[in-house]
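Report on one structure; see the data block that follows.
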Amino acid sequence: MGSDPEKLIIKADKLTKLSLTRWSADWRGATLLYEQAAVGFRLAKDYEKAKVAFEKASKGQEMLSSQWDAAKHMESAAALAKELNNWGEVADFYRRASELYTECGRSQPASDALAKGARALEDAAPDEAIQLYTDACTILEEDGKEHMAFDLYRAATSVYIKLEKYADAATFLLRWGLAADKCKATHSQFKAYLSAIVVYLYAHDFKEAEKCYNDCSQIDAFLSSDQGRCASKLLSAYADGDIEEIKRVAQSSTISNLDHMIIRLARKLPTGDVSAMKANAGNEQEEPLDEDDLT
């Protein structure tokens, strides 16, 4: 069996090359041979050759106008690139698979392909993983399938938090909130808002946390929700410089119902000097009063 896939590849390559006796390429015959060779190499655990064979099989299916099968083979090549720790190819192949699914008008598999790439790259290339997650979300958003992207918003936020990019994490949580609003998932929407506020507070950015709360409070239902009340209590505790109250609210059941990545941050609150935050907040509140008092 060892040399068999090699012979299949040689035979397939000949079928795709034009010569004096062959005036047109036999992509159907060649693609079948590439597919057989790819499976043979993979069984023999020769992943590098299997990867190349799947790439060729993908090209063959494309030549036969079968984008779906071409995408499937490209995903197989990507999975083998992952086995080989070839991270650049992992990203490239999953992106190509996604493009091929998009050409078939299939947004869900197109998004899934990018998500697979992102998951594979989370540790080796986290910035690339975030880009893939973001693009995967965009595909679903543009097709009105936001409800299918919730796991992707969560995954991207988690990578941002691992990278300590807290402002980006909060922004992505607010994007999740907007998506949840579009598909009437109010509970998920309000959880995303509270999560964003927790992230800002963890990053010691009281001003952004407060701004975020004020923006979210434009939605009346948020104010009267468990998440809205919890956010209000947290911010009041910060404004009062009340460390014990901050810790108490951070232990509440409303916080416990958030995602684990957010609970972990909340349990560490307060970070930094709360009294300094209180002073800054106080100064900002006094400024408008001074301006009014110019009579």
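Beta carbons closer than 6 Å, at least 6 apart along the sequence or on distinct chains, never pair a first residue in the stretch 177-196 that is over 17 Å from Ile161 (Cβ atoms) and hydroxyl-bearing (Ser, Thr, Tyr) with a second that is open to solvent by 40 Å² or more (accessible area, probe 1.4 Å) and modelled with pLDDT of 95 or more.
Can you find a residue that is closer than 30 Å to Arg154 by Cα, in a loop (DSSP other than H, G, I, E, B), at pLDDT 95 or above and not hydrophobic (A, V, I, L, M, F, W, C) anywhere in the stretch 71-89? So far as the stretch 71-89 goes, yes, one or more of its residues are closer than 30 Å to Arg154 by Cα, in a loop (DSSP other than H, G, I, E, B), at pLDDT 95 or above and not hydrophobic (A, V, I, L, M, F, W, C). Picking from residues in the stretch 121-139 that are more than 10 Å from the chain's Cα centre (by Cα) and surrounded by 22 or more Cβ atoms within 10 Å (Cβ to Cβ), the one that is nearest to Leu80 (Cα to Cα) is Leu121. Scanning the stretch 163-205 for residues that are more than 26 Å from Gly144 (Cα to Cα) and not aliphatic (A, V, I, L, M), we see that the one that is least open to solvent (accessible area, probe 1.4 Å) is Tyr200. Glu164 fulfils the conditions (1) within 30 Å of Phe206 (Cβ to Cβ); (2) touching a residue at least 12 places away in the same chain (Cβ under 8 Å); (3) among the charged types (D, E, K, R) except for a single criterion, (2).
Looking at Ala221, Ala231, which is the one that is open to solvent by 20 Å² or more (accessible area, probe 1.4 Å) and either without any contact (Cβ under 8 Å) to a residue 40 or more places away in the chain or in a loop (DSSP other than H, G, I, E, B) (or both)? Answer to the selection: Ala221.
Being out of contact with any helix residue (DSSP H, G or I) (no Cβ under 7 Å at 6 or more places or on another chain) and either open to solvent by 60 Å² or more (accessible area, probe 1.4 Å) or part of a helix (DSSP H, G or I) (or both) is true for just one of Glu35, Glu62, Glu48. Which residue is that?
Numbers: Glu35 fails: out of contact with any helix residue (DSSP H, G or I) (no Cβ under 7 Å at 6 or more places or on another chain); Glu62 fails: out of contact with any helix residue (DSSP H, G or I) (no Cβ under 7 Å at 6 or more places or on another chain).
Exactly one of Glu35, Glu62, Glu48 is out of contact with any helix residue (DSSP H, G or I) (no Cβ under 7 Å at 6 or more places or on another chain) and either open to solvent by 60 Å² or more (accessible area, probe 1.4 Å) or part of a helix (DSSP H, G or I) (or both), namely Glu48.
The set of residues in the stretch 172-192 that are touching a helix residue (DSSP H, G or I) at 6+ places or on another chain (Cβ under 6 Å), closer than 20 Å to Thr134 by Cβ and assigned to a helix (DSSP H, G or I) comprises Phe172, Leu173, Leu174, Trp176, Gly177, Ala179, Ala180, Asp181, Lys182, Ser188, Gln189, Ala192.
The values are calculated or read from the model by the stated rules, or taken from the named source; none is laboratory data. Keep in mind that what you see is a predicted model, and the values were worked out from it rather than measured. We place every Cβ from the backbone using ideal geometry, glycine too, and count neighbours over all the protein chains shown. Ligands, DNA and RNA are stripped out before the accessible areas are found, and what is left, the full protein with its side chains, is counted by its heavy atoms. Shrake-Rupley method; radii C 1.70, N 1.55, O 1.52, S 1.80 Å.
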